[in-house]
Amino acid sequence: MGGASPAHDARQILDALQGVVLGQEAAIRETLICLLARGHVLLEGVPGTAKTLLVRTLALALNVRFQRIQFTPDLMPADITGVTLLSGTHDFTFRPGPLFADLVLADEINRAPAKTQAALLEAMQERTVTADGTGHPLSAAFTVFATQNPVEFEGTYPLPEAELDRFMMKVQIGYPSAVLEQRILTRYVEGFEADRPETFGVTPVTDAAGLERMRRAVDAVRVEPQITAYITALVRGTREAASLTLGASPRAGVGLLKAARAAALLEGRDYVVPDDVKALAPAVLRHRINVAPELELEGVTPDAALKAILDKTEVPTA
């Protein structure tokens, strides 16, 4: 499997996703780019907008292990990381938790207590789970897709800024158009079921080794100095903007660089162009900035504030 070029494989995976998840082109593309760039994804949208379907389809196309964890107010850290048990032979053995999969969907992360959120974030950062002083490495493909409902929903706890910064992107998933919503219903009439992957019609494009090949190809994408200067200007622009009380961290610039490289690979290029950066800046930066409260009251969104910064930052020309 995965005998074709990494760019061809990436394009095939994108096609497979678009064939199952209807009408979420930007969200699908951003999610795949994030995975190729070795980043974790925060998916935001109201319930029932195909967030689980997207990640499950991605796991099918990559032929890797998918695990969904429902986050609830009583979920404890050991429930996700695993526990050390005393066996009948008086030996301690580690029983891995659901984090020991390849693509992990952390559903409704903002419903869980801070301690459990922190355990997930630590696993994301270290790619290791520590239990009783022993480190247990997670899979090389390990990627977290955390879903959150918009914060105004009942019983949700907003993630602290430092935790949000661990996600490479915040991908927004909205409602489909009327035409696509009808097409979704038509598919169900024809036998599609979101909880039965065998009805998706997805055949694996590649495997975990193929994902690693794609990621290595992303690392080899050329980035010229004027591109890194543009990324620096955008990130610093968020810190200098009067409209924002919190600007993006240096980690945001690294995330934007990696994402732009993955976008170039998806387009079949071995070099980054300014448009790669510009198109992904909202997804990489929107969750790392805070709009000034008085502007927020006037309805200014993080994306609107970012658009103003993008519009006034000089774009390099070849």
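In region 1-22, what residues are buried (at least 19 other Cβ atoms within 10 Å of the Cβ), more than 19 Å from VAL221 (Cα to Cα) and of a type outside the set (A, V, I, L, M, F, W, C)? GLY2, the sole residue that qualifies.
Can you name the residue in region 42-53 that is of a type in the set (A, V, I, L, M) and in contact with a helix residue (DSSP H, G or I) (Cβ under 8 Å, 6 or more places away or on another chain) and is also most open to solvent (accessible area, probe 1.4 Å) among such residues?
LEU53
Taking the condition polar (S, T, N, Q), over 22 Å from the mean Cα position of the chain (by Cα) and open to solvent by 30 Å² or more (accessible area, probe 1.4 Å), does THR317 pass?
yes
Looking across region 192-203, the residues that are open to solvent by 60 Å² or more (accessible area, probe 1.4 Å) and part of a loop (DSSP other than H, G, I, E, B) come down to GLU193, ASP195, ARG196, GLY201, THR203.
Yes/no per residue for (1) more than 26 Å from VAL64 (Cα to Cα); (2) of a type in the set (Phe, Trp, Tyr); (3) assigned to a helix (DSSP H, G or I); (4) open to solvent by less than 70 Å² (accessible area, probe 1.4 Å):
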position: GLU212; (1), (2), (3), (4): no, no, yes, yes
position: VAL218; (1), (2), (3), (4): no, no, yes, yes
position: VAL235; (1), (2), (3), (4): yes, no, yes, yes
position: ALA248; (1), (2), (3), (4): yes, no, no, yes
position: ARG261; (1), (2), (3), (4): no, no, yes, yes
position: VAL277; (1), (2), (3), (4): yes, no, yes, yes
position: ALA283; (1), (2), (3), (4): no, no, yes, yes
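Pairs meeting the criteria (first residue in region 248-275 and hydroxyl-bearing (Ser, Thr, Tyr), second residue open to solvent by 50 Å² or more (accessible area, probe 1.4 Å), beta carbons under 7 Å, at least 6 apart or on different chains) are TYR271/ARG222.
Across region 289-302, what is the number of residues that are out of contact with any His (no Cβ under 9 Å at 6 or more places or on another chain), assigned to a helix (DSSP H, G or I) and crowded, with 16+ Cβ neighbours inside 10 Å?
The first filter runs over region 289-302 and keeps only residues out of contact with any His (no Cβ under 9 Å at 6 or more places or on another chain), leaving 289-301.
Filter again for assigned to a helix (DSSP H, G or I), leaving 293-297.
Okay, now just the ones that are also crowded, with 16+ Cβ neighbours inside 10 Å, so 295.
Qualifying residue count for the region: 1.
Would you confirm whether or not region 181-191 contains a residue that is under 30 Å from ALA114 (Cβ atoms) and either open to solvent by 70 Å² or more (accessible area, probe 1.4 Å) or at pLDDT 90 or above (or both)? Looking through region 181-191, none of the residues is under 30 Å from ALA114 (Cβ atoms) and either open to solvent by 70 Å² or more (accessible area, probe 1.4 Å) or at pLDDT 90 or above (or both). For GLN24, the conditions (1) closer than 23 Å to GLN172 by Cβ; (2) of a type in the set (S, T, N, Q); (3) in contact with a Ser or Thr (Cβ under 9 Å, 6 or more places away or on another chain); (4) free of Cβ contacts under 8 Å to residues at least 60 places away in the same chain are fulfilled apart from (4).
Just checking, does region 173-189 include any residue being touching a strand residue (DSSP E or B) at 6+ places or on another chain (Cβ under 8 Å) and within 23 Å of GLN12 (Cβ to Cβ)?
Checked against the condition, which is being touching a strand residue (DSSP E or B) at 6+ places or on another chain (Cβ under 8 Å) and within 23 Å of GLN12 (Cβ to Cβ), region 173-189 yields at least one hit.
Every test in (1) charged (D, E, K, R); (2) open to solvent by less than 30 Å² (accessible area, probe 1.4 Å); (3) in a loop (DSSP other than H, G, I, E, B) is passed by ARG269 save one, and that test is (2).
The values are calculated or read from the model by the stated rules, or taken from the named source; none is laboratory data. Since the structure is predicted, the reported quantities are computational estimates derived from the model, not experimental observations. Using ideal geometry, Cβ is built from the backbone for each residue, glycine included, and neighbour counts are taken over all protein chains shown. Surface accessibility is based on the protein's heavy atoms, side chains included, excluding ligands, DNA and RNA. Shrake-Rupley method; radii C 1.70, N 1.55, O 1.52, S 1.80 Å.
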